[in-house]
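S.K.: Before I ask anything, here is the structure I am working with.
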Amino acid sequence: MDNRHFYEPRGGHGLPRDPLRAILGPRPIGWISSRSASGIANLAPYSFFSMLCDKPPIIGFSSIGEKDTLANIRETGVFAYNLVTRRHADAMNRSSSPAAPAVNEFEEASIKPAPCTIVDCPRVADAPVNLECRLVDIHQLSDATGTPADAWLTIGEIVGVHIDRAFLHNGMFDTAAAGIVLRAGYAADYFEVGPEAAFSMRRPTD
């Protein structure tokens, strides 16, 4: 018996749940804040998120469906990323609830906003890190045949960084101490980064 489960995604995976989100994880959560052109604040988490480049510093997240965050960033050209830690997990989860464009998710999730310094949108006041971003591009994704997907990749350049000094140790950000929360594979699965998960390994070119 072959001990490898093989499938072609177009034909289905033959498992109770799609394994790809579990395999390609855990992933950092893009907790994205924005403001509409009419001034309504928005806050929503995106699990398809990552840093894409360091010089210049660029991050990106993918929105499945055209949601309020996407509309706001198209209108204003700016957004902020807010680091999710264990103490923010419940608030982050509440901010994922579907809401009408007129709803302010900061208020709905009882999250205190603070103004950004460079861009015109709110950030999560007590998040250990906030990244202020200017829009670089919004690109609708497609499959290998060129058929459009119901997903949009938003790419932004980081133009301002806020870091809670409590997490700067010897001038370095302490990832483990921050208790960063990552999105795991299935509907209710998350991981918290802790010191016990850390190890060091230098690349051969270092």
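S.K.: For the list (1) within 18 Å of PHE61 (Cα to Cα); (2) out of contact with any helix residue (DSSP H, G or I) (no Cβ under 6 Å at 6 or more places or on another chain), I need the number of the one condition that VAL181 fails.
M.R.: (2)
S.K.: May I pose another question? Considering only residues that are touching a residue at least 24 places away in the same chain (Cβ under 8 Å) and surrounded by fewer than 16 Cβ atoms within 10 Å (Cβ to Cβ), look in region 139-152 and name the one that is farthest from ILE59 (Cα to Cα). Break it down stepwise before answering.
M.R.: Applying the first criterion (touching a residue at least 24 places away in the same chain (Cβ under 8 Å)) to region 139-152 yields 141, 150-152.
Right, trim to surrounded by fewer than 16 Cβ atoms within 10 Å (Cβ to Cβ) and you get 141, 150-151.
Numbers: LEU141: 16, ASP150: 20, ALA151: 16 Å.
Filtering first and then ranking leaves ASP150.
S.K.: Taking the residues in region 1-25 that are part of a loop (DSSP other than H, G, I, E, B) and among the small types (Gly, Ala, Ser) as candidates, determine which candidate is modelled with the lowest pLDDT.
M.R.: So the residue we want is GLY25.
S.K.: Mind counting the residues in region 155-204 that are surrounded by 16 or more Cβ atoms within 10 Å (Cβ to Cβ) and assigned to a loop (DSSP other than H, G, I, E, B)?
M.R.: Within region 155-204, residues that are surrounded by 16 or more Cβ atoms within 10 Å (Cβ to Cβ) and assigned to a loop (DSSP other than H, G, I, E, B) number 4.
S.K.: Could you tell me which residue of region 115-127 is nearest to ILE180 (Cα to Cα), considering only residues that are touching a residue at least 40 places away in the same chain (Cβ under 8 Å) and not in a loop (DSSP other than H, G, I, E, B)? It would help to see each step written out before you state the result.
M.R.: Taking region 115-127 and keeping what is touching a residue at least 40 places away in the same chain (Cβ under 8 Å), we get 116-124, 127.
Then keep just the ones that are not in a loop (DSSP other than H, G, I, E, B); that gives 122-124.
Details: PRO122: 21, ARG123: 17, VAL124: 15 Å.
Once the filter is applied, the top-ranked residue is VAL124.
S.K.: Could I ask something else about it? Tally up the residues in region 81-113 that are of a type in the set (A, V, I, L, M) and under 24 Å from LEU182 (Cβ atoms), please. Break it down into steps so the answer makes sense when it comes.
M.R.: Quick first cut of region 81-113, residues of a type in the set (A, V, I, L, M) only: 83-84, 89, 91-92, 99-100, 102-103, 109, 111.
Those left that are additionally under 24 Å from LEU182 (Cβ atoms): 83-84, 89, 91-92, 109, 111.
Number of matching residues: 7.
This table checks each residue for (1) more than 20 Å from ALA127 (Cβ to Cβ); (2) not polar (S, T, N, Q).
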residue: PHE6; (1), (2): yes, yes
residue: PRO9; (1), (2): yes, yes
residue: TYR46; (1), (2): no, yes
residue: PRO57; (1), (2): no, yes
residue: GLU66; (1), (2): yes, yes
residue: THR85; (1), (2): no, no
residue: SER95; (1), (2): no, no
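The values are calculated or read from the model by the stated rules, or taken from the named source; none is laboratory data. Keep in mind the model is a prediction, meaning the values are calculated, not measured. Every residue, glycine as well, gets a Cβ built from its backbone with ideal geometry; the counts of neighbours run over all protein chains shown.
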